[in-house]
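K.L.:
My questions will all concern the structure given below.
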Amino acid sequence: MSIKGLYAICDASGGHRHALPDLAAQLLCGGASILQLRVKGLDDDSRKRRAQAAACILKLKDRFQFQFII
């Protein structure tokens, strides 16, 4: 199997101007074919929000072909 495109990482630790699903969509529009959601050192409430973000990112599979790593 050959994968072409960029490997992009959405870091859930913050510091982004955009919500994670929006950032993911921008990365995919830019040519990413592999998208990783990086979640480290978060409390339970933050993890729940990130799980919701992951679910939204998965919905992007309707518009884009990509591999998603959580």
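K.L.:
Would you mind checking which residues have amide H under 5 Å from Cys10's amide H? H placed 1.01 Å from N; only 5 or more apart, or other chain.
P.N.:
Amide H to amide H, under 5 Å and 5 or more residues apart or across chains, Cys10 pairs with Gln36, Leu37, Arg38.
K.L.:
Relative to the longest principal axis of the chain, what angle (0 to 90°, nearest 10) does the C-alpha long axis of helix 44-59 take?
P.N.:
Roughly 20 degrees between the two axes.
K.L.:
In the set (1) 1.48; (2) 1.08; (3) 1.54, which value of Cα Rg over 2.2 N^0.38 Å was calculated from the structure you see?
P.N.:
Of the labelled values, this structure produces (2).
K.L.:
Shifting gears a bit: Between beta-carbons, use under 11 Å as the cut-off and find the net charge around Ala12, counting Lys and Arg +1, Asp and Glu -1.
P.N.:
+4
K.L.:
If R₀ is 25 angstrom, what is the calculated FRET efficiency for the pair Arg47 and Lys4, using the beta carbon separation as r and rounding to 0.05?
P.N.:
Working from the Cβ atoms, E equals 0.15.
K.L.:
When the helices in the chain are scored as -39500 (n - 2.57) per DSSP H run of 4 or longer and the sum is shared across all residues, what 222 nm value do you end up with, to the nearest 500 deg cm²/dmol?
P.N.:
Counting only the DSSP helices, I get -12000 deg cm²/dmol.
K.L.:
Got a number for carbon plus sulfur as a percent of the chain's accessible area, 1.4 Å probe?
P.N.:
Looking at the chain in its full context, I get 50 percent from C and S.
K.L.:
What distance in nm separates the two pseudo spin-label positions at Asp11 and Asp62, each 7 Å out from Cα along the beta-carbon direction?
P.N.:
3.1 nm
K.L.:
Something else now. Could you run the Karplus curve 6.51 cos²θ - 1.76 cosθ + 1.60 with θ = phi - 60° over segment 31-38 and give me ³J(HN,Hα) per residue in whole Hz, x for Gly and Pro?
P.N.:
Once rounded to whole Hz, the list reads x, 5, 10, 10, 10, 10, 9, 9.
The values are calculated or read from the model by the stated rules, or taken from the named source; none is laboratory data. From a predicted model like this one, the values you see are computed outputs, not experimental measurements. A quick note on method: Cβ atoms are made from the backbone with ideal geometry, for glycine too, and the neighbour counts reach across all protein chains shown. We work out accessible area using only protein heavy atoms, side chains counted, and drop any ligands, DNA or RNA first. Shrake-Rupley method; radii C 1.70, N 1.55, O 1.52, S 1.80 Å.
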